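See structure below.
The values are calculated or read from the model by the stated rules, or taken from the named source; none is laboratory data. Keep in mind that what you see is a predicted model, and the values were worked out from it rather than measured. Here the Cβ positions follow ideal geometry from the backbone for every residue, glycine too, while neighbour counts run over all protein chains shown.
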Amino acid sequence: MHIHVLGAAAGGGFPQWNCNCPNCDGLRKGTIKASKRTQSSICVSGDGVNWVLFNTSPDILQQIQDFAPLQPGRSVRDTGIVGIFLIDAQIDHTTGLLMLREGKVKREIYCTDMVYEDLTTGNPLLNILGNYCGINRHVVPIDGKTSFEIPGATNLKFTAVALKSAAPPYSPHRNNPHPGDTVGVLIEDTNTGKKCWYSPGLGEIEPHLPPFLEQADCIMVDGTFWTNTEMKDMGLMEKTARDIGHLPQSGEGGMIEALSSYNKARKILIHINNTNPILREDSAERAELSRHGIEVAYDGMDIIL
C-alpha cells in the first residue's frame, strides 16, 4: 500500500492567508525552521497506478500538479483517481470537488448519508457537480463491521466507523450530531495484509476505536492543536480544541497519551493547524513528539506499507 500525503494542514493551510501568528509570520519571513503545507488530504493506492482520494481540499489542483500519478497519463482527458472518499462534509475537505468538475466522466463519490445530506442541502456541492461532470454516489457503511471495495482500487479494502463530532456550520443538523457526520476508516491492503487507520477529525478515543487502532500498521490521526486552549490563548477563538472536536496532543488524556499503547504502528499526525508549535521542526513540542515516536505529516510525505 502506498499512502501519499497531498496536504497536511488544517483548514486555511500554512501559512494561513490572513494569519499573523508567530508560525505564519515566521514562515513568511523565513525566521523559523518550517515548511508550508496545503490543506489536509491523502491518496492511497494498492498498485501505484489507481488511487483513492481521501477528501478534496481547496488546494486540490496544486496537490495534483505536485503528484504525477494523479495526473493524466493514459488519454487526452484522464486521471489516476478512481474514487473520492469524503471523511466528513467540512469546507476544507470538500470544496476542491468544484475544481474537479471538468469532463464527462462522473466522479465516484463515497460518503455517509449524513455527509451526502450536508452536500446536497446546506452546502450543495454535489448538486452543482451534477450540472458539470455528474457524480455516482456510493453509501459508506459506518457500523465498523461492513468492509467494501472501490472498483479499480486494486488490493484495497475499506472499513469505516462513525466518530463523535459536530456537523459543519451549514449542516441542517449542526446542533444535533448524527452518526456519520465524521468517520474514521481502516484501509487494508488485501495482498500484504497491512493496514492504515485514517481519522483526521478524531476528537477522542471512543470505546469502539481501540480494536481498529490495534490492527493498524500505520495510524494517521488529528494533529490540529498542541494544547486544549491554543486558540483561546492567542485571542483567536473562545472555544477550546475539545469544544470544536479536536483532541490536543499535550496534557492529560491528549493524543500523545492516547497513542502510547500502540507501539506496533507508525504514528503520524495530520490536519495540523497553523498555530501549532509542532510545525516548527526545532521546537520543544516537536522534540516531545519524537520522544514518543510520533511523526508530523508534511506535503509530499510517502508511506509504504
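To keep it simple, each residue is scored yes or no on (1) touching a residue at least 24 places away in the same chain (Cβ under 8 Å); (2) under 20 Å from the mean Cα position of the chain (by Cα).
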residue: Leu202; (1), (2): yes, yes
residue: Asp217; (1), (2): yes, yes
residue: Asp233; (1), (2): no, no
residue: Asn263; (1), (2): yes, no
residue: Thr275; (1), (2): yes, yes
residue: Arg280; (1), (2): yes, no
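Out of the residues in the range 78-93 that are part of a loop (DSSP other than H, G, I, E, B) and buried (at least 24 other Cβ atoms within 10 Å of the Cβ), which is nearest to the chain's Cα centre (by Cα)? Even if it seems obvious, please write down each step before you answer.
Let us first name the residues in the range 78-93 that are part of a loop (DSSP other than H, G, I, E, B), namely 78-80, 86-87, 89-90.
Applying the additional criterion that residues be buried (at least 24 other Cβ atoms within 10 Å of the Cβ) yields 86-87, 89-90.
On the way: Leu86: 9, Ile87: 7, Ala89: 11, Gln90: 11 Å.
Across the range 78-93, the extreme among qualifying residues is Ile87.
Filter the range 163-197 down to the residues that are more than 13 Å from Asp88 (Cβ to Cβ), part of a strand (DSSP E or B) and not β-branched (Val, Ile, Thr), then identify the one that is farthest from the chain's Cα centre (by Cα).
Asp189
For the range 34-49, enumerate the residues that are part of a loop (DSSP other than H, G, I, E, B) and more than 12 Å from the chain's Cα centre (by Cα).
From the range 34-49, those part of a loop (DSSP other than H, G, I, E, B) are 34-36, 38, 40, 46-49; that's our starting set.
Matches in the range 34-49: Ala34, Ser35, Lys36, Gly46, Asp47, Gly48, Val49.
Among the candidates Gly30, Gly48, single out the residue that is of a type outside the set (Val, Ile, Thr), touching a strand residue (DSSP E or B) at 6+ places or on another chain (Cβ under 9 Å) and either surrounded by fewer than 14 Cβ atoms within 10 Å (Cβ to Cβ) or free of Cβ contacts under 8 Å to residues at least 40 places away in the same chain (or both). Reasoning before the result, please.
On the way: Gly30 fails: touching a strand residue (DSSP E or B) at 6+ places or on another chain (Cβ under 9 Å).
Step by step, each of Gly30, Gly48 is checked, and only Gly48 is of a type outside the set (Val, Ile, Thr), touching a strand residue (DSSP E or B) at 6+ places or on another chain (Cβ under 9 Å) and either surrounded by fewer than 14 Cβ atoms within 10 Å (Cβ to Cβ) or free of Cβ contacts under 8 Å to residues at least 40 places away in the same chain (or both).
Those residues that are in contact (Cβ under 8 Å) with a residue 24 or more places away in the chain and more than 27 Å from Val185 (Cα to Cα), I need them from the range 1-26; list them, please.
Our first condition is that a residue be in contact (Cβ under 8 Å) with a residue 24 or more places away in the chain; within the range 1-26, this holds for 1-16, 19, 21, 23-24, 26.
Answer for the range 1-26, where residues must be in contact (Cβ under 8 Å) with a residue 24 or more places away in the chain and more than 27 Å from Val185 (Cα to Cα): Pro15, Gln16, Cys19, Cys21, Asn23, Cys24, Gly26.
Quick test of your reading of the structure: Thr79 fulfils all but one of (1) farther than 27 Å from Val140 by Cα; (2) of a type outside the set (Gly, Ala, Ser); (3) modelled with pLDDT under 95. Name the failing condition by number.
(1)
Please work out which one of (1) free of Cβ contacts under 8 Å to residues at least 40 places away in the same chain; (2) of a type in the set (A, V, I, L, M, F, W, C); (3) touching a Gly at 6+ places or on another chain (Cβ under 8 Å) is the condition Val161 fails and give its number.
Val161 satisfies all of (1) free of Cβ contacts under 8 Å to residues at least 40 places away in the same chain; (2) of a type in the set (A, V, I, L, M, F, W, C); (3) touching a Gly at 6+ places or on another chain (Cβ under 8 Å) except (1).
Give the residue that is farthest from Phe158 (Cα to Cα), with candidates limited to residues of the range 184-206 that are surrounded by 15 or more Cβ atoms within 10 Å (Cβ to Cβ) and of a type in the set (Ser, Thr, Tyr). Steps first, answer last, please.
Applying the first criterion (surrounded by 15 or more Cβ atoms within 10 Å (Cβ to Cβ)) to the range 184-206 yields 184-189, 194-205.
Filter again for of a type in the set (Ser, Thr, Tyr), leaving 198-199.
Working: Tyr198: 11, Ser199: 13 Å.
Looking at the filtered set, the residue picked out is Ser199.
Condition check ((1) in contact with a strand residue (DSSP E or B) (Cβ under 6 Å, 6 or more places away or on another chain); (2) aliphatic (A, V, I, L, M)) across all residues:
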{"position": "His2", "(1), (2)": "yes, no"}
{"position": "Leu6", "(1), (2)": "yes, yes"}
{"position": "Ala34", "(1), (2)": "no, yes"}
{"position": "Ser57", "(1), (2)": "yes, no"}
{"position": "Ile60", "(1), (2)": "no, yes"}
{"position": "Gln65", "(1), (2)": "no, no"}
{"position": "Ala68", "(1), (2)": "no, yes"}
{"position": "Ile109", "(1), (2)": "yes, yes"}
